Amino acid sequence: MNPFPVELVPSILSADFAELADEVAAAERGGGTAIHVDVMDGHFVPNITIGPPVVKSLRRHTELPLDCHLMIENPDDFIPAFAEAGANWVGVHYEACRHLHRTIELIRAHGMEPGVVLNPATPIALLVPVLPLLHHVLIMSVNPGFGGQKFIPYSLNKLRDLRRLRDEMQLGFRIEVDGGVAHDTVAEVVEAGAELLVAGSAVFGGGRAAEDGRKLLEAAQAAGRAGREQFA
Ligand code: DX5
Ligand code: ZN
């Protein structure tokens, strides 16, 4: 049984950037309990999005934790700016960190919660030494860079293995999943052990973030309940 409740973490990547405050408010009404902010630099991933100034503006419009997913090279150079802007959780890619332990310590030293993100082809075993230091591990279920991509089914194995590892090591980091989480995949990712569900196009793609977020969260919660009954 999963000790953590299932939570919806809407990704603003698929929101209307010109209406960001309203979009975030709608996602919150839809049951979102943290806001996922995708930061891309055009180098680590083939796309460019937003950075600390947008985090700073968002900070004035929501009290929810801002979950910043840094898809950038040299993340250490930008951690102070994200702290200053009001970020709460900072996820850095394993593949972008030459000195991962140092980066995690830097995030903590700036008063934020550290997470590590794994690309689909990166094995979870690489994280064992740092797992005790983490607030969350984010399993990418698409190759990072764009919203609206197809869920990679192998990610379910990684979620299950990570969940088992967390139990074995008796740790309390949260398990997050990002990419292709929608009505057709949400039950499987919850059953596999994810509890922080990042969803972009499934929440914002239809222009009805409150309604669509609520429906997705309800489907996720139903899958979580079914899992608990099975183990009761
Ligand atoms: C992709 C981003 C995701 C993206 C997910 O690189 O990390 O957070 O917003 O979008 P969907 O939910 O549409 O797959
Ligand atoms: Zn993301």
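Just so you know, all these numbers are worked out from the coordinates, no wet-lab data involved. As the structure is a computational prediction, the values presented were derived from the model and not from experiment. Please note: Cβ atoms are built from the backbone with ideal geometry, for glycine as well, and neighbour counts cover all protein chains shown.
About the Cα centre, and with charges only on the beta carbon of Lys, Arg (+1) and Asp, Glu (-1), how big is the dipole of region 1-108? Nearest 20 debye, please. It would help to have the intermediate numbers written out before the result.
On the way: 7 positive and 16 negative charges, 55 e Å.
About 260 debye.
Sequence-ordered 3J(HN,Hα) estimates for region 79-88 from the Karplus curve with 6.51, -1.76 and 1.60 and θ = phi - 60° stand at 4, x, 5, 5, 4, 4, 6, x, 5, 10 Hz, glycine and proline given as x.
For the chain, what is the mean residue ellipticity at 222 nm derived from helices alone (per DSSP H run of n ≥ 4: -39500 (n - 2.57); sum divided by total residues; nearest 500 deg cm²/dmol)?
Estimated from H runs of four or more residues: -11000 deg cm²/dmol.
Under 5 Å between amide hydrogens, built in the peptide plane, is the criterion, and for Glu7 it picks out Leu196, Leu197 among residues at least 5 positions away or on other chains.
If you take every DSSP beta bridge fully contained in the chain, what fraction is antiparallel? Give it as a percent rounded to 5. So the antiparallel bridges amount to about 5 percent of the total. Using the Karplus relation 6.51 cos²θ - 1.76 cosθ + 1.60 with θ = phi - 60°, the per-residue 3J(HN,Hα) values for region 211-228 come to 5, 5, x, 4, 5, 5, 5, 5, 5, 5, 5, 5, 5, x, 5, 4, x, 5 Hz, with x marking Gly and Pro.
The charge dipole of the chain, taken about the Cα centre with unit charges on the Cβ atoms of Lys, Arg (+1) and Asp, Glu (-1), comes to about 380 debye, rounded to the nearest 20.
Cross-link reach is defined here as a Cα-Cα straight distance under 27 Å, omitting same-chain residues fewer than 8 places apart; for Lys215 the lysines meeting it are Lys150, Lys158. When the inverse distances between all different Cα atoms of region 7-231 are averaged and flipped, the Kirkwood radius reads 17.3 angstrom. A cut-off of 5 Å between modelled amide H atoms, ignoring neighbours fewer than 5 places along the same chain, links Gly86 with no other residue.
Based on DSSP, what percent of beta bridges with both residues in region 1-128 are antiparallel, to the nearest 5? Don't skip to the end; give the middle numbers.
Details: 1 of 18 bridges.
Restricted to region 1-128, the bridges split so that about 5 percent are antiparallel.
Considering only DSSP states other than H, G, I, E and B, which trypsin sites (Lys or Arg not before Pro) in region 129-232 qualify as loop sites with at most 16 other Cβ atoms within 10 Å? Sites meeting the loop and neighbour criteria: Lys150, Arg208. Straight-line cross-link reach from Lys56 at under 15 Å between alpha-carbon atoms covers these aspartates and glutamates, not counting any fewer than eight positions away in the same chain: Asp38, Asp67, Glu84.
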